[in-house]
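Reviewing the structure listed below.
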Amino acid sequence: MSIPFIDLKTQYRQIEDQIKHNIDAVLERGAYIMGPEIGELESKLAEYAGVDHAVSCSSGTDALLMALMALGVGPGDAIFTTPFTFIATAEVVALLGATPVFVDIDPVTFNIDPDDLRRKIRFVKENRKDLTAKGVIAVDIFGQPADYDAIEPLAHNSGLFLVVDAAQSFGATCQGRSVCSLGDLACTSFFPAKPLGCYGDGGMVFAHNEALHKLLISIRVHGMGEHKYDNDRLGLTARMDSMQAAVLLAKFEIFPGEIEKRQEVAARYAALLSEVDGLTPPSVPEGNVSVWAQYCVLARDTEQRTEVMGRLAEASIPSVIYYPKPLHLQKAFADLGYKPGDFPVSEDTASRIFALPMHPYLTAEAQEAIVKVIKG
Ligand SMILES: *Cc1c(COP(=O)(O)O)cnc(C)c1O
């Protein structure tokens, strides 16, 4: 039995006719840039997310970049975020000349720790006269919502904006609210491996506010104004291709069903793994729904992780470490001056975590085979 880490081929078989039909329509019409598929996708996904506006774009990274540009982030601004995430989250902050200020994570959800966030905001306000505390980027790591009931009031009562990095969590809900409806702006990614992926790069920004929506549309295409060749500000070339929107429209039809299937797969893993000594399966707080972008397990220590991942590799079962090195220890952020020990929970998590195959089409039989190998 060959077990893929993410099974996009089986998914393609479910919707092959619709995908081909949608792509063919783009080819026949010839509107490769900003074709009607773009507006259709934006209104469908805005409605699903429960917001007034959605702006599609070229990637999750560009969605974050556009969001920060619309919120006026620049040099001298402190943006609080987690070091236990994909580089893009903090990269866009630094690209705009602003300063990422890292905050440690919760040891159970691996998301930003609201208590440490409160401490770091206070520290910057009291001790860093060179910085203006400007915003928070919360990440829903592995598809699980951050603690928005604590983070949203904390950010707003401190005068900071909140951006939701929902690159891994489109479709997830926090106490009944869609994660893409939270914060001042929410950003997602349609990279193929994300829960809702296209066949290339793509992203989206979700907004409630009409003024921010207008800014995002301008920033997406060279800061354009009312007329196509008016340039009101500097912007990007960050459009989504019509072809990718066509793919997403087909995939979105089965997406709610896939989220259901992911819950079944996660529940089966949790039951099977509960019998394994030293491993802690992930848990989701009551009232939240994860979309399980990754199924990440904590080993007792690095040795156990190495041993289990070695056994899986021998059996040709893929497993991956997300993320082996927290951002504060990356060379790209060396100039921020952090050192090992600064974020103990992030560092401990990085030393013990690993991800097992996870996708909606993973069978009970395959999961039993995986856990059998893990048990040794
Ligand atoms: C994937 C990802 C991004 C970036 O999305 P791309 O579409 O790959 O640019 C940003 N943040 C997080 C947390 C991600 O997982």
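We did not get these values from a lab; they are worked out from the coordinates using the rules stated. Treat the numbers as computed from the prediction; the structure is a model and nothing was measured. Because the Cβ atoms are built from the backbone with ideal geometry, glycine has one as well, and the counts that use them run over all protein chains shown.
What longest region of the chain stays clear of GluC sites (Glu not before Pro) that DSSP places outside H, G, I, E and B and that have at most 10 other Cβ atoms within 10 Å? Write down the numbers at each step before the final one.
Numbers: sites that count: 226, 275, 286.
Formally, the longest exposed-site-free interval is 1-225.
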As I understand it, the dipole of the chain uses +1 on the Cβ of Lys and Arg and -1 on the Cβ of Asp and Glu, about the Cα centre. Which of 82, 98, 231 lies farthest toward its positive end? 98
Under 5 Å between amide H atoms, partner at least 5 residues away or on a different chain: which partners does residue 203 have, H built in plane at 1.01 Å? 57, 58, 59, 190
Compute the label zone of residue 1 within the stretch 248-281: residues whose backbone N is under 19 Å from the point 7 Å along Cα-to-Cβ. 261-276
The stretch 69-98 and the stretch 194-244: distance between their alpha carbon centers, rounded to Å: 19
Amide H proximity to residue 321 below 5 Å, modelled H, separation 5+ or other chain, gives 355
Taking the alpha-carbon centroid of each part, what is the distance from the stretch 263-321 to the stretch 129-144 in angstrom? 27
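Run lengths n ≥ 4 of DSSP H only: what is the helix-derived mean residue ellipticity at 222 nm for the chain, with -39500 (n - 2.57) per run over all residues, to the nearest 500?
Values: 11 runs with 156 residues, N = 376.
Helix-only estimate at 222 nm: -13500 deg cm²/dmol.
Obtain the radius of gyration and the Kirkwood radius of the stretch 255-375 from its C-alpha atoms and give Rg over Rh. Please list the in-between numbers first.
Values: Rg = 15.9 Å, Rh = 15.7 Å.
Result: Rg/Rh = 1.01.
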List 328, 208 from most exposed to least, where exposure is judged by having the fewest other Cβ atoms within 10 Å. 208, 328
The chain: Cα Rg divided by the 2.2 N^0.38 Å rule of thumb: 0.99
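How many lysine pairs in the stretch 255-375, separated by 8 or more positions in sequence or lying on different chains, have Cα atoms less than 26 Å apart?
Lysine pairs meeting both conditions in the stretch 255-375 amount to 4.
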Skipping prolines and chain starts, which residues have an amide H placed within reach, meaning under 5 Å, of the one on residue 222, given they are 5 or more residues away or on another chain? 235, 236, 237, 238
Name the longest site-free stretch of the chain, where the excluded sites are trypsin sites (Lys or Arg not before Pro) in a DSSP loop with no more than 14 other beta-carbon atoms within 10 Å. 1-127
Write down the radius of gyration of the stretch 68-199 and its Dmax, each obtained from C-alpha positions, in Å. 14.0, 47
For residue 300, what is the net charge nearby, where nearby means another residue's Cβ is under 12 Å from its Cβ and Lys, Arg count +1, Asp, Glu -1? -3
Whole-Hz Karplus ³J(HN,Hα) for the stretch 192-200, in order, using 6.51 cos²θ - 1.76 cosθ + 1.60 and θ = phi - 60°, x for Gly and Pro? x, 7, 6, x, 10, x, 9, 10, x
For the chain, set up a Gaussian network in which alpha carbons nearer than 10 Å are linked by springs, and say which option among 302, 85, 109 fluctuates the most. 302
Residue-by-residue Karplus 3J(HN,Hα) for the stretch 225-231, coefficients 6.51, -1.76, 1.60, Hz, glycine and proline x: x, 4, 8, 3, 9, 8, 10
